[in-house]
Each structure stands twice: as structure tokens, then as C-alpha cells.
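The values are calculated or read from the model by the stated rules, or taken from the named source; none is laboratory data. Everything quoted here is computed from the prediction, not taken from an experiment. Quick reminder, even Gly has a Cβ in these numbers, built from the backbone with ideal geometry, and neighbours come from all protein chains shown. What goes into the accessible areas is simple: the full protein's heavy atoms, side chains included, and nothing from ligands, DNA or RNA. Shrake-Rupley method; radii C 1.70, N 1.55, O 1.52, S 1.80 Å.
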Amino acid sequence: CPVTFTFSLPKPIKHLMCLLSSPDLREIVFVLQSQSNSYHERQAERQRADLLKQAHGLTEVRVETFSHTQGLESRHRSQTNLSYSFGKNSSWIVFLEEETNVRMPKLVQVLAKFDKNKEWFLGKPLHDEESTIIHHYAFAENPSVFKYPDFSAAWALSIPLVVRLANKVRDEPLKSDFTIDLKHEVALYIWDNGNGPHLTAVPELCTELDDSPQSLSRCATSLSEPPLCGEPVNKEDIFVAVKTCRKFHSERVPVIKKTWEKDALFLEYYSDHADPSIPTIDIGVPNTERGHCGKTFAILQRFLNSSVPKTKWLIVVDDDTLISIPRLQILLSCYNPSEPVCLGERYGYGLSQGGYSYITGGGGMVFSREAVVRLLDSGCKCYSNDAPDDMVLGMCLNALGLPVTHSPLFHQARPEDYARDFLAHQVPISFHKHWNIDPVAVFNKWLRDDLVAKSSDGLDKSAKTEL
């Protein structure tokens, strides 16, 4: 009969699992991590079909598939179910992203190098060059010493480690309120202040494209070619709302005008002061030092009235957000605007206690018109003008049962706040904050339209994925 388990992530996910067993092969459980959205479900189904096809080609291998969809369940229950479901008849749990391709015979050979009776945490290591806010400034004296897995390359846990983690979660409830970067937080939890294993680097777990020479010669995992979802969304279908205030009119707005404003056909600056030279619109909400919930909800309401062009998509950004509109047009071609789509970089709050996910505002929040309609029709509103707008929206979406869709191409922080190898296989859509950087130079290096067509500091087109 079907076996199900849960593994808590900062997003609702669909798990598609394949259990391989053979007299002379260790049993491997593949967990494919996807999201509750029609595009991502199609991607997951494609990946599942490929796993099944490969397993069929292996001699004396039996494959069973399981499907399970979950909401935001606690990591306590998740780890316990994982252990109970597969602890007695499996050796490895291998976690895959939608874009991760597997060469199954090669992966089996790789895992055979490790003693299945010991605790192993395997992956492609990432490290921070400097301490970063997204990792709570961990290992500030030497951040490069701590390694965490690049999820796109796949990562694996041996069953003895899974069993111990399940017992740990059961006996010691998780204490963290915020989930910001799951791959780093998972590695910290497993390491357990030195009581658990470090990540072991596995060179065969790769992020090269599937048909690259490096991938073909040595890799057990690789990245699939970016999906072609159709023509980029028209500029006429996107409305961009920039949140600003009077004190930043002369400091931040000029950066937008020098960089990405020209790529947006419909764009308005919303402020606490009307300045015709920009121009800005006084949205009727006093400026606050933080949160900006009142301003954001006024923008949502304006989007649905006749004051602005009727478009399929709304993008809400801060005045220190750097964003590529052309790349966003490509990404949005994969999504159906008639669905309630809420897209961006996902954070989580209180997930182990039944909390919620939300799109962090600095990297840009993308809403389909249908999502905005449902949000406002629900009566969702701010409890104060300075409440955190992104978190209030996350609470409302959670109450409505609407999914929050994560894309790693949106970034709440600056490029230097992310591992270089993590960015190397991306074509990023956004970054956030001007702190200690030249924002125009950052835009030109990372987000200019012609970046896809040329190499820059080792960021070769052939190594990029996601778009």
C-alpha cells in the first residue's frame, strides 16, 4: 500500500518518491521537492517519469512510486514519519529539486563508496565568503569554514542519520522562528554544534548542465536545460509599483532611473509626498520607519481600480530593489495569471509551530491579478500601517489556503550575501539593498539584459539555469 511521509520546508511542497531495491543494491528513496502550482507540478511529473524510466533500465531493480501533497506541517512530525516509513528497509534518502537530473547507475556507484551503516550527510558544498545577514552572521570570524549543500545538485542522508535526527526532533522541539535559507539551516541542524556530521563533499553531485562535457564525464547529477514555457510576457501585462518616501527621492529613485526603469512600460512611484519631477504619487499613507503595510495595501487597492492600466501582473518592489524586468517577463511565461500566483523569494515564520510562508518584500513580490482580487475580497488588512507588509500578506494567503511560490532567482540581499557557487548557475532576477555597494555597478554586473549573452567573472551562460 502507498507509503507517505513529510519533510517540512518553507513552502507547501509535493513529494514524488521512488524506492529502489535489489539484492545487490542499497535501497534508495528519491524525494522530489516541488510546489503547489500547475507549472511546478508539470515539472515534477516530468522528473518523476525520468526516474521511473531510468529505474526500468536497471536490471533486477523494483520501483514503487508514492505521491503526497502537504501543507505547512511541523518538522517534528516530518522527520519522525521519514524515519518510521523508510528506516527499516532503506539505506539512503536522496533529495532532488525539480531541475535536478539524475544518472541513476552513476549515483548508485557513488553511494556504494559510503558505509550505509554510518551517519552520512552528502552534497555539493557551498560556503560564505563573508558573514551574512541571511545566515544570521553565523561563523563571523571565518564563515568559509562551514559548508552547506547546494540543493540543486541533490543531497543525501544515510538512514542512521535520519533515524537520529528523527529522535532529536521528537525530543527537542525546534526553536527557530524564521526560516530564511533552508539549505544553511538544515546543515546547521545536522551539524548540531559539532555533535553531528559535517557535510561531506561529493564531486559527482554537480550543477553543470546535463549535456556539458564535465557533466557527461563525471557527474551523477546535473541540471536540466531551462524550460521553454513560451514567449516572454508582454510589457503591457506587467504593472510595477515602487514603494518610496520623500527622504529617498534624491538618493534611491535616481538609481532606478539609471538602471531598470526603462524596461517597465507601466510603473509608478508611491510615496508620502507628491513630487512631479519624478513623478511620485502620494498614496495617502504616512511614511513609517518599517513595515509599510498600509502603503502596500493601498497599492493593491489602486491596482484593482481604474487609476492604473489593467494588467495581468503586479510587481511590488522597494526603492532599493534592483530587478531585471526582461528576465521577469521570461519567468512569468511559465505561470498562468488566471491562477492566484504569489511569487518571489520565500521565507517562513513559525513553521515548526504551524506558522506560514511569505514572500520577502525586498526581492520583489509578484502577484497575478487573481491573487490580488482574492486577497482583498477576503477582507485581509493591516493591523497597523507599520506592520510588516510581506508577513501580513503571508498570514492572509495562509488563511485563504493560497500557495506562496518560491523562486531562488529573487534575492532579498546583495550578491555578496550569497555563496558564489550558488549564484554561478543562476540568471538572477533581483537583488536588494544599496548598503556598502555601488548599486549601478551591481546592476550592470548581475542584471543587465546582455548578461545572458556573455560571460562575466566566470558566470558562463552554459552554467546558468532556471530561466
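Of everything in the stretch 1-13 that is buried (at least 19 other Cβ atoms within 10 Å of the Cβ) and not hydrophobic (A, V, I, L, M, F, W, C), the residue that is modelled with the lowest pLDDT is Thr6.
Of the set (1) out of contact with any helix residue (DSSP H, G or I) (no Cβ under 6 Å at 6 or more places or on another chain); (2) of a type in the set (A, V, I, L, M, F, W, C); (3) open to solvent by 10 Å² or more (accessible area, probe 1.4 Å), all apply to Leu332 but (3).
Among residues of the stretch 181-203 being assigned to a loop (DSSP other than H, G, I, E, B) and crowded, with 20+ Cβ neighbours inside 10 Å, the one that is modelled with the lowest pLDDT is Asp181. Inspect all residues belonging to the stretch 315-322 and state whether any of them is crowded, with 17+ Cβ neighbours inside 10 Å and farther than 26 Å from Val440 by Cα. No. Starting from residues that are free of Cβ contacts under 8 Å to residues at least 40 places away in the same chain and of a type in the set (Ser, Thr, Tyr), keep the ones in the stretch 189-215 and report whichever is farthest from Phe422 (Cα to Cα). Looking at residues that are free of Cβ contacts under 8 Å to residues at least 40 places away in the same chain and of a type in the set (Ser, Thr, Tyr), I get Tyr189. Among the residues of the stretch 111-143, those that are among the small types (Gly, Ala, Ser) and either farther than 25 Å from Gly348 by Cα or open to solvent by 60 Å² or more (accessible area, probe 1.4 Å) (or both) comprise Ala112, Ala140. In the stretch 341-377, of all residues being closer than 27 Å to His136 by Cβ and among the hydroxyl-bearing types (Ser, Thr, Tyr), the one that is farthest from the chain's Cα centre (by Cα) corresponds to Ser352. Screening the candidates Asn436, Asn385, Asn444 for the property of being open to solvent by 60 Å² or more (accessible area, probe 1.4 Å) and touching a Ser or Thr at 6+ places or on another chain (Cβ under 7 Å) yields one hit, Asn385. Among the criteria (1) touching a Cys at 6+ places or on another chain (Cβ under 7 Å); (2) crowded, with 22+ Cβ neighbours inside 10 Å, the one Gly394 does not fulfil is (1). Answer yes if at least one residue in the stretch 160-176 is in a strand (DSSP E or B), at pLDDT below 95, not assigned by the TED database to the domain that holds Ala419 and not acidic (Asp, Glu), and no otherwise. Checked against the condition, which is being in a strand (DSSP E or B), at pLDDT below 95, not assigned by the TED database to the domain that holds Ala419 and not acidic (Asp, Glu), the stretch 160-176 yields no hits at all.
Within the stretch 405-428, the set of residues being open to solvent by less than 10 Å² (accessible area, probe 1.4 Å) and closer than 30 Å to Gln301 by Cβ comprises Thr405, Ser407, Leu409, Phe410, His411, Ala413.
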